[in-house]
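Enquirer: After the structure tokens below, expect a handful of questions from me.
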């Protein structure tokens with residue numbers, strides 16, 4: 001069976017809207033995929049401000065933005081389809097939306113009304129992929145591990161470095177996954193202080209020095225002592241981590257170097273924790289790294305340094321997979337929703353059971 005879908009992903013780092021047109025093929029329970037077309041659309045200053053300020057809006061204004069952003073996503077899909085002559089080829093659009101609130105035990109809210117996307121595109125749309133898991137007592141995150149397991153065979157660990165970094169372990173008996181720490185969101189906030197949107201290839205961080213006191217204080221934050229399943233929302237990076245770094249009044253290069261070291265250390269500690277939980281040796285394994293942070297050469301070098309004692313090989317896939325894996329997996333989860341198959345695994349999120357997540361909007365004429 002062949003499915004051709006568009007996956008949409010807006011990351012917490014606000015670097016833009018990822019759109020990917022993917023072909024999936026299923027034969028006897030085995031899946032293959034090809035990212036045929038993909039693009040990252042940078043947000044205008046107005047949209048970046050609207051998305052960044054969304055958590056502060058009164059309810060009526062937030063819901064109005066939810067609708068308006070949904071129409072924006074639909075228009076982006078239409079433009080993408082027209083520019084690439086994909087008319088009548090796309091069977092389904094799957095939108096993660098832009099996370100505004102994520103409070104396990106209460107609710108999660110991703111901006112971008114699926115009904116508006118469907119109305120604009122006249123295509124079936126799957127949206128709101130996390131809420132069912134939250135309703136079942138889960139963390140609602142991460143939701144990519146099932147896609148990683150079914151689409152990327154041969155890897156032990158998966159690391160996605162976006163606004164928040166998250167880790168998955170493809171154990172033989174179950175999937176384990178959780179958010180490790182804030183990543184690009186904090187690095188970008190630091191870079192913006194000196195007029196740079198981001199630290200290209202980690203060049204600024206590589207010229208800095210690690211501030212030991214700040215480094216130790218970051219590693220002592222309470223979240224890192226929690227057992228998984230666990231997840232983060234943007235407020236941890238914006239309201240706790242970033243102000244802590246700023247309180248030290250150190251050069252930005254030193255702040256970047258220190259935070260890169262923090263990310264690499266927390267990843268290695270997380271991998272050690274996962275393997276200890278499964279009573280497995282920490283050696284001769286591999287780690288597939290994707291997301292914008294995979295293009296940060298200095299960060300990758302520090303990750304390799306921290307994982308070297310464990311003989312864990314760090315693998316970077318092709319650039320399309322690095323940049324668009326999350327949009328790819330959103331598209332895949334939409335297919336599973338369409339097939340009425342599980343999209344979220346309870347061993348990952350801590351929910352009371354596996355679930356079929358996502359609201360389906362049929363569109364059409």
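The values are calculated or read from the model by the stated rules, or taken from the named source; none is laboratory data. From a predicted model like this one, the values you see are computed outputs, not experimental measurements. Reconstructed Cβ throughout: ideal geometry from the backbone, glycine too, with neighbour counts over all protein chains shown.
Enquirer: Identify, from the list 220, 212, the residue that is over 29 Å from residue 103 (Cβ atoms) and modelled with pLDDT of 95 or more.
Expert: 212
Enquirer: Just to be sure I understand, how many residues within the stretch 119-133 are in contact with a strand residue (DSSP E or B) (Cβ under 7 Å, 6 or more places away or on another chain) and crowded, with 24+ Cβ neighbours inside 10 Å?
Expert: Summing the residues that are in contact with a strand residue (DSSP E or B) (Cβ under 7 Å, 6 or more places away or on another chain) and crowded, with 24+ Cβ neighbours inside 10 Å in the stretch 119-133 gives 5.
Enquirer: Any residue in the stretch 222-242 that is in contact (Cβ under 8 Å) with a residue 12 or more places away in the chain and farther than 28 Å from residue 351 by Cβ?
Expert: So far as the stretch 222-242 goes, yes, one or more of its residues are in contact (Cβ under 8 Å) with a residue 12 or more places away in the chain and farther than 28 Å from residue 351 by Cβ.
Enquirer: Here is a list: 334, 363, 358. Which entry is touching a strand residue (DSSP E or B) at 6+ places or on another chain (Cβ under 7 Å) and at pLDDT below 95?
Expert: Step by step, each of 334, 363, 358 is checked, and only 363 is touching a strand residue (DSSP E or B) at 6+ places or on another chain (Cβ under 7 Å) and at pLDDT below 95.
Enquirer: Sticking with this structure for a sec: Go over the candidates 158, 198 one by one and state the one that is surrounded by 16 or more Cβ atoms within 10 Å (Cβ to Cβ) and touching a strand residue (DSSP E or B) at 6+ places or on another chain (Cβ under 9 Å).
Expert: Unique residue meeting the criteria: 158.
Enquirer: Same structure again: Regarding residue 87, is this residue surrounded by fewer than 21 Cβ atoms within 10 Å (Cβ to Cβ) and under 23 Å from residue 323 (Cβ atoms)?
Expert: No.
Enquirer: May I ask you to list the residues in the stretch 167-180 that are touching a strand residue (DSSP E or B) at 6+ places or on another chain (Cβ under 6 Å) and either part of a loop (DSSP other than H, G, I, E, B) or more than 19 Å from residue 239 (Cα to Cα) (or both)?
Expert: Within the stretch 167-180, 167, 168, 169, 176, 177 meet the criteria.
Enquirer: Can you tell me which residue among 138, 112, 154 is at pLDDT 95 or above and on the phi > 0 side of the Ramachandran plot?
Expert: Among 138, 112, 154, only 112 is at pLDDT 95 or above and on the phi > 0 side of the Ramachandran plot.
Enquirer: If a residue has to be within 18 Å of residue 163 (Cα to Cα), touching a helix residue (DSSP H, G or I) at 6+ places or on another chain (Cβ under 7 Å) and assigned to a strand (DSSP E or B) to count, how many in the stretch 1-38 make the cut?
Expert: Number of matching residues: 5.
Enquirer: When you check residue 83 against the structure, is it free of Cβ contacts under 8 Å to residues at least 24 places away in the same chain and under 17 Å from residue 230 (Cα atoms), yes or no?
Expert: Criteria not met by residue 83.
Enquirer: I would also like to ask the following. Inside the stretch 181-278, counting only helices (runs of 4 or more DSSP H) that do not spill past its ends, which hold 1 or more residues that are assigned by TED's automatic domain parsing to the domain that holds residue 299, touching a helix residue (DSSP H, G or I) at 6+ places or on another chain (Cβ under 7 Å) and farther than 24 Å from residue 11 by Cα?
Expert: 203-206, 212-219, 252-277
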